[in-house]
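Below is the structure I would like to discuss, written out as structure tokens.
The values are calculated or read from the model by the stated rules, or taken from the named source; none is laboratory data. Everything numeric in this text was worked out from a predicted model, so none of it was measured. All Cβ positions, even for glycine, are placed from backbone atoms using ideal geometry, and neighbour counts span all protein chains on display. Side chains are part of the model used for accessible areas, which takes the heavy atoms of the whole protein and leaves out ligands, DNA and RNA. Shrake-Rupley method; radii C 1.70, N 1.55, O 1.52, S 1.80 Å.
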Amino acid sequence: IPASGWKFVNAREIALLPNEILTEITIPTPGKNATYEVRHKDALDWPLATASVHLKMKGATVESARIVLGHVGPTPVEATAAAAAITGKAINEDTAAAAGEAAVQGAQPLSQTAYKIQLTRVAVKRALLAAALNVAGGRFLTPYAFVRALRAGGVRAPAVAEAAAVRLLTVHGAK
């Protein structure tokens, strides 16, 4: 049963019948995955907001996407509007920013959590850009690591080159 089909008793308990037991969870991994966490401190702290993305690519365009937000409600929230915003498009800075905007459309923060809207926009954008940089099994999840590996000759440049990809690397300070 897909996780989206689970029935919940409350925000933290899955409804199982007396004769049912959960024996296995299978997580499909084909595609590009990335998670970005916004934290107040680096160590021993819960994230203020997270975004996890899973992309199925067809060439340079997104065939399908799932984006899940964490720490913005009592349970993880699937951002279907953000996934729809990037489906059929290439991932670049503009499409990632548009997905971040779509992820927070209709958000209703509590009185003390309005700041999480901007954090969520940023988390979605950065998770998508990290997934776009997921080359060679995810070894280069930052632009800096990717550029260092290219310079060292340890990785081939992607077969599909886009102007936005070069722009992304220069925006982050890589020369």
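Please find the FRET efficiency linking residue 20 to residue 77, where r is the Cβ-Cβ separation and R0 is fixed at 30 Å, and quote it to the nearest 0.05. Walk me through the intermediate numbers first.
Numbers: r = 26 Å, r/R0 = 0.87.
Given R0 = 30 Å and the Cβ-Cβ separation, E is 0.70.
How big, in percent, is the set of alpha carbon pairs in the stretch 7-106 lying more than 16 Å apart?
66 percent
Calculate, for the stretch 44-119, the solvent-accessible area per residue in square angstrom, rolling a 1.4 angstrom probe over the heavy atoms of the protein chains. Provide the component values of the computation, followed by the final result.
Numbers: 4210 Å² over 76 residues.
It amounts to 55 Å² per residue over the stretch 44-119.
A further question on this structure: Of all GluC sites (Glu not before Pro) in the stretch 1-87, which ones are in loop regions per DSSP and have a Cβ with at most 10 other Cβ atoms within 10 Å?
Loop-located and lightly packed - 13, 20, 24.
Rank 91, 104, 23 by how far each Cα sits towards the positive end of the charge dipole of the stretch 17-120 (+1 on Lys, Arg Cβ; -1 on Asp, Glu Cβ) and give me just the farthest.
Of 91, 104, 23, it is 91.
If you don't mind, another one. Could you sort out which of 7/116; 32/56; 56/89; 7/56; 58/125; 58/89 sit more than 18 Å apart by Cα distance in this structure?
Checking Cα-Cα distances, 7/116; 7/56; 58/125 exceed 18 Å.
Gain in length, residue 7 to residue 113, computed as 0.36 nm per residue apart minus the alpha-carbon separation, to one decimal in nm?
Here the segment from residue 7 to residue 113 would lengthen by 35.4 nm.
Put a dot 7 Å past each Cα toward the Cβ at residue 87 and residue 56; how far apart are the dots in nm?
About 1.0 nm separates the two model spin labels.
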